[in-house]
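> Supplied in structure tokens, the structure appears directly below.
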């Protein structure tokens, strides 16, 4: 909490004391003054009535004198009863000291117990994060407009991809890096950014295209820190812990001794070594297969798509999980295209296409780059009733997802 907050608390406590303390310094109760004035007014009214009765002859002079003396005595008795003893100048003053000490202490104690001491910090942090997010959003919009006018600006594409990563819009980031990879092929930095964003868009899965991109980058820059880190992650995910350890050990030797990522890296090496010692699961009895897929775009729907739209080509189990078993990503500009679906592009390392008797092969064009089917996407489907050997299948994209 900052100094302004504590100054505000101190001001509120002082205000409370200014309300509580002044009445404690008053010596004369209001009750005494009010009672004396009231009794005097009543006595004057009664005296006026007596004088009127004397003048009109209702009372004789002796009767008037007797009642007048009685009125004097009654008024004197009432005033003596109402008048309190004069309080001592120190009576009740001890409570002032108690309040001056107790009110601030009790207020702070109750706030610390029942309040939210970090509320101001959290509010400032939230405001700061929102401001940063707004700045990124504005920058992204400006970059998009600039790239529409100057698509050859490679630095602009890189900045846009990084902005999407910062905003945790990983699929958008992967689409941008895919475009940059097409415009600037064989650039290790671009390939590694693309692999990382694509992996994050798939919930951290490195299998398939991300792993292939990392391997290509590692061949070009064998000692790149990011390439070695991601290559180790891909190998560990695939169950090749020996190779993962080799990549991470090499990275560990390249890092300075005070690097903040070194403890985490050492922990990952230890975990991989522990996994390496475990008994390996029995391999799938089915042989690995390659499914050769040729994808074409029907001329009737060609006007509805743009060259940069994403094409997902994947295999699904007819009877089994609906998520893709293996997937390859292309663009409309690549069509017609021939791809191979096999275990190397599997979404999960332990998934084997040969373990499923029937497969549905899907080619889908996504205008947004979203991995989940949406209305407006264009799709083509073919079914394999047998996956023995290395089957081939042709798909024509000619339907719209409703």
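Where a number appears in this text, it was derived from the coordinates with a stated rule and is not lab data. Treat the numbers as computed from the prediction; the structure is a model and nothing was measured. Cβ: placed from backbone, ideal geometry, glycine included. Neighbour counts: every protein chain shown.
> So how far, in whole Å, is the C-alpha centre of region 186-245 from the one of region 359-402?
If we compute the Cα centre of each part, the gap is 27 Å.
> P(r) for region 291-400: what percent of alpha-carbon pairs falls in each 5 Å bin, starting at zero?
The calculated distribution, bin by bin, is 2, 13, 25, 25, 18, 11, 5, 1.
> While we're here: Contact order normalised by length for region 151-277, with contacts defined as Cα pairs under 8 Å and 6 or more residues apart; what percent is it? Walk me through the intermediate numbers first.
Numbers: 148 pairs, mean separation 19.8, N = 127.
Dividing the mean separation by the residue count of region 151-277 yields 16 percent.
> Hey, another quick one. Order these peptides, 224-230, 270-276, 376-382, 145-151, by their mean beta-carbon neighbour count within 10 angstrom, highest first. Please list the in-between numbers first.
Working: 224-230: 20.7, 270-276: 14.1, 376-382: 17.9, 145-151: 11.1.
Per-residue Cβ counts within 10 Å, averaged per peptide and sorted highest first, yield 224-230, 376-382, 270-276, 145-151.
> Related question: Work out how much length residue 17 to residue 100 would gain on full extension: take 0.36 nm times their residue separation and subtract the Cα-Cα distance, in nm to one decimal.
Working: separation 83, 0.36 × 83 = 29.88 nm, distance 0.70 nm.
Additional length available on full extension: 29.2 nm.
> How would you order 256-269, 355-368 from highest to lowest mean count of nearby Cβ atoms within 10 Å?
Values: 256-269: 11.6, 355-368: 19.9.
The densest-packed peptide leads the list: 355-368, 256-269.
> On alpha-carbon atoms, Rg over Rh for region 151-277 using Kirkwood Rh? Don't skip to the end; give the middle numbers.
Values: Rg = 15.0 Å, Rh = 15.0 Å.
Using Cα coordinates only, the ratio equals 1.00.
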